[in-house]
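Worksheet: the structure to be examined is printed underneath.
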Amino acid sequence: MDPCEVEFLSEKELVSIVPNFSFDTIHLISGSVGPFRAGLPVKVPIWLAVNLKQQQKCRIINQDWMDADSLNEAKEEEKLSKLFTKMPSNHYMEEAQLLLNVASDDISDADRIKTAIKDIWDIRMSKLRTSIDAFLKSEGLHAKLDHLTAMEINSVRPLLPHALDQMLRIQTGGRATQSHYSGTSQ
Amino acid sequence: MEDNGDVTMTAEDDGQEEEEVTAQSVLLAIEEAWLNEKFAPEILPHRSDLVDCMLQQITHMEENMKRLDKEDLRLMIHRMELDRIKYVITNYLRARLEKIEKYTIHILSQEATRSSEECYLTVAELQFAKEFLANIEMLFKTIALQHMPGNFQTFEVDTLTVKPNLQAYVFLRANDRINGIIVPGSMDEEIDLEPGSQHIIQYSAVADLVKSGAVKLI
């Protein structure tokens, strides 16, 4: 899947904004948003928040988890844990990217948040590579991938399933030749 | 412009019970169907019920939007949302067409064994598949086959059949709790899926669960 499609999916997540206009509830197909009251926070999907922000109709409030200190704690935890820790959002990377891109003036500490998220991503990706390596070497047939987020799964998509498919082909191919061989030698 | 969130449709459940569904839940179901179709190696049973319902919603919404003032804030927001929904629907339909073009012969022969209630293709898709196959046959014949020696002139359907690799590995998330899935290729290894847990496994082990909606591909 294209990374922008993963981003597309993440844009459905909700974020709080403070609008600078007032408007009644809007009935969208995907659910209602609003009512908007100037100065009062309201939750909207990210795609809408980004659009309103671009038109300077709102201020975006940081996601609760997008806080440099708690992200740094999460980073330490990620370092210590052998397994993947649970991320605050299934789309943490995309959400951070989208919101920091468009609203870095609304988010204090944007640089520290960016660094922390990038660090977490790097730690997790290197962990992922190590575990994929171990998994393939152990010739596993099934793996549990709890707490891996959408973008992380997508980043190994071209490689991992394909490698497993090829291994299976080699194995079944090998078995077929073997049985063929033992069949003719009798 | 009111009440769009509450427009309902009826869907027939397994038990023939009529269930009320909101536009919102139809949209979620389409998104799930889209991702399943994208990641499943084989073609899945069609969800034209969902697509038709959503297209109806879109038309309805577009009608309403005509009544809005050009400056209205809602116009822009609704238009953006519709664009997002249309993207999902077209991408979903396109994913199916790609599979139909790739596995035409296989899909048609499978489809022939299914009754009209349980067929995987919609009427239009079936027609497309048949025409596509007829056109390919025509192409082969006019370009090459007719110039071959007599015994090579037949269009051999069997040798041209491409089958999807059902043993392909897929990522999935469980919707329900599922016990005792036998891992293909192992002796008798069984796994249980907890709701919300994520796995990578051969598609063949979970094909039925994908179709029943007990798991979704991610």
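Principal-axis analysis of the Cα atoms of chain B puts helix B:23-39 at an angle of about 30° to the longest axis. Rounded to whole Å, the principal axis extents of the Cα atoms in the protein assembly as shown read 83, 57, 47, largest first. Taking a cut-off of 25 Å, what percent of all Cα-Cα pairs in region B:90-218 are separated by more than that? Across region B:90-218, Cα pairs with separations above 25 Å total 44 percent.
Measure nothing but the geometry: give the 0 to 90° angle between the long axis through the Cα atoms of B:203-212 and the longest principal axis through the Cα atoms of chain B, rounded to 10°. So the helix axis and the longest Cα principal axis differ by about 40 degrees.
Semi-axes of the equivalent ellipsoid of region B:165-218 are 16, 13, 9 Å, computed as sqrt(5λ) over the eigenvalues of the C-alpha gyration tensor in descending order. Overall dimensions of chain A, expressed as equivalent-ellipsoid semi-axes from the Cα gyration tensor (√(5λ), whole Å, largest first), are 45, 20, 11. With θ taken as phi - 60° and the Karplus curve 6.51 cos²θ - 1.76 cosθ + 1.60 applied, the whole-hertz 3J(HN,Hα) list for region B:88-97 is 4, 5, 5, 5, 5, 5, 5, 4, 5, 5 Hz, x standing for glycine and proline.
Measuring spread by the Cα atoms of region B:39-149 yields a radius of gyration and Dmax of 19.8, 70 Å. About its Cα centre, chain A has a charge dipole of approximately 500 debye under the convention of +1 per Lys or Arg Cβ and -1 per Asp or Glu Cβ, with nothing else charged. Between the DSSP loop rule and a limit of at most 12 other Cβ atoms within 10 Å, which trypsin sites (Lys or Arg not before Pro) in region B:101-171 are left? Passing sites in region B:101-171 are B:Arg114.
The share of alpha-carbon pairs in region B:103-163 lying farther apart than 18 Å comes to 43%.
Taken over the Cα atoms of chain B, the convex hull encloses 172 Å³ per residue. The Kirkwood radius of region A:102-181, taken over pairs of alpha-carbon atoms, gives through the Stokes-Einstein law at 10 °C and 1.306 mPa s a diffusion coefficient of 102 µm² s⁻¹. Ligands, DNA and RNA are left out, and with a 1.4 angstrom probe the accessible area of region B:165-218 is 44 Å² per residue. Here is the list for region B:26-85: trypsin sites (Lys or Arg not before Pro) lying in DSSP coil, each with at most 15 other C-beta atoms within 10 angstrom of its C-beta, are B:Arg67, B:Lys70. Per-peptide packing, taken as the mean over residues of other Cβ atoms within 10 Å, places A:129-136, A:114-121 in the sequence A:114-121, A:129-136 from highest down. Annotation note: GluC sites (Glu not before Pro) in region B:122-181 located in DSSP loop regions with a Cβ neighbour count of at most 11 within 10 Å are B:Glu156. Other residues lying with their Cβ under 14 Å from the Cβ of A:Ser126 contribute a combined charge of +2, Lys and Arg counting +1, Asp and Glu -1.
A simple count of charges around A:Asp105, restricted to other residues whose Cβ falls under 13 Å of its Cβ and scoring Lys, Arg +1 and Asp, Glu -1, yields -1. Each stretch of four or more DSSP H residues adds -39500 (n - 2.57); spread over every residue of the protein assembly as shown, this sum gives -17500 deg cm²/dmol at 222 nm. Once whole DSSP H runs in chain A are found, which of them have Cα atoms spread over 27 Å or more along the helix axis and a mean Kyte-Doolittle score of at least 0.0? Helix filter hits for chain A: none. Distance between the C-alpha centres of region A:134-165 and region A:30-48: 37 Å, rounded to the whole angstrom.
Note that region A:98-148 carries a Kirkwood radius of 13.4 Å, evaluated over its alpha carbons pair by pair. Taking A:Ile123, B:Ile200 and ordering them by how much accessible surface each has at a 1.4 Å probe, largest first, produces A:Ile123, B:Ile200.
The values are calculated or read from the model by the stated rules, or taken from the named source; none is laboratory data. Predicted, not measured: the structure shown is a model, and the values here were computed from it. Backbone-built Cβ (ideal geometry, glycine too); neighbour counts: all protein chains shown. The accessibility values were calculated without ligands, DNA or RNA, using every heavy atom of the protein model including side chains. Shrake-Rupley method; radii C 1.70, N 1.55, O 1.52, S 1.80 Å.
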